[in-house]
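Worksheet for the structure shown next.
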Amino acid sequence: MIYPIVKYGHPVLERKADPVTEFDTPELRQLIEDMFESMYAAHGVGLAAPQIGISKRIAVIDISGGEDPSQRLVLINPEVIRNEGRQRSEEGCLSVPGFREEVTRGARVTVRAQNVKGEFFEVTGEDLLARALLHETDHLEGKLYLSHLSALKRDLIRRKIRKLMKAGEWG
Ligand code: NI
């Protein structure tokens, strides 16, 4: 099932998501499948459960955009345990469509997470994967990439979005 993507302005995006406590269930497997499907349909490389209105600590990433199944990553209850170096590049978010901004992030990132069975594993990524790992774990803390911008840039984007909301062209 393809879920609609929740857009900036919805409170679920700014709330800390709840930990997953039940693993290896048909519901969890289905939700993860639906998250991949929804992410590919929206042409994203990462999606966090709050972005489909579900406040749970689950994120999916595929920096190949569906080209390479071996790149599919499922992160349940993820935690960033290493964040080194710096990279600066353009970043966007499916929940903030139409905007892209330069964001400084770590260049090499390690996340510890659980898989669908509840087993712990670690994944290390560089460049785009490092960025995706940080962006998606931020979502689970209720943080959007806008929070990494200067106050000036952030306010500019907020004002543009408010105009779109007023015009009925948002969400
Ligand atoms: Ni996002």
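The values are calculated or read from the model by the stated rules, or taken from the named source; none is laboratory data. On a predicted model such as this, the values are computed, not experimentally measured, just so you know. Don't worry about glycine lacking a Cβ; one is built from the backbone with ideal geometry, like all the others, and counts go over all protein chains shown. Ligands, DNA and RNA are stripped out before the accessible areas are found, and what is left, the full protein with its side chains, is counted by its heavy atoms. Shrake-Rupley method; radii C 1.70, N 1.55, O 1.52, S 1.80 Å.
Computed values, structure above
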item: Conditions (1) more than 14 Å from the chain's Cα centre (by Cα); (2) assigned to a helix (DSSP H, G or I); (3) of a type in the set (Gly, Ala, Ser); number of the one not met by Ala132; result: (1)
item: Matching residues in segment 32-61 - criterion: being of a type in the set (Asp, Glu), open to solvent by 30 Å² or more (accessible area, probe 1.4 Å) and either in a loop (DSSP other than H, G, I, E, B) or in contact (Cβ under 8 Å) with a residue 24 or more places away in the chain (or both); result: Glu37
item: Test for Leu13: is it open to solvent by less than 70 Å² (accessible area, probe 1.4 Å), in contact with a Pro (Cβ under 8 Å, 6 or more places away or on another chain) and part of a helix (DSSP H, G or I); result: yes
item: Strands (runs of 3 or more DSSP E) completely within segment 62-124 that count 2 or more residues being over 16 Å from Leu140 (Cβ atoms) and within 16 Å of the ligand (Cβ to nearest atom); result: 87-91, 101-105
item: Those residues of segment 132-153 which are within 16 Å of the ligand (Cβ to nearest atom), open to solvent by 50 Å² or more (accessible area, probe 1.4 Å) and closer than 14 Å to Glu101 by Cβ, in sequence order; result: Ser147, His148
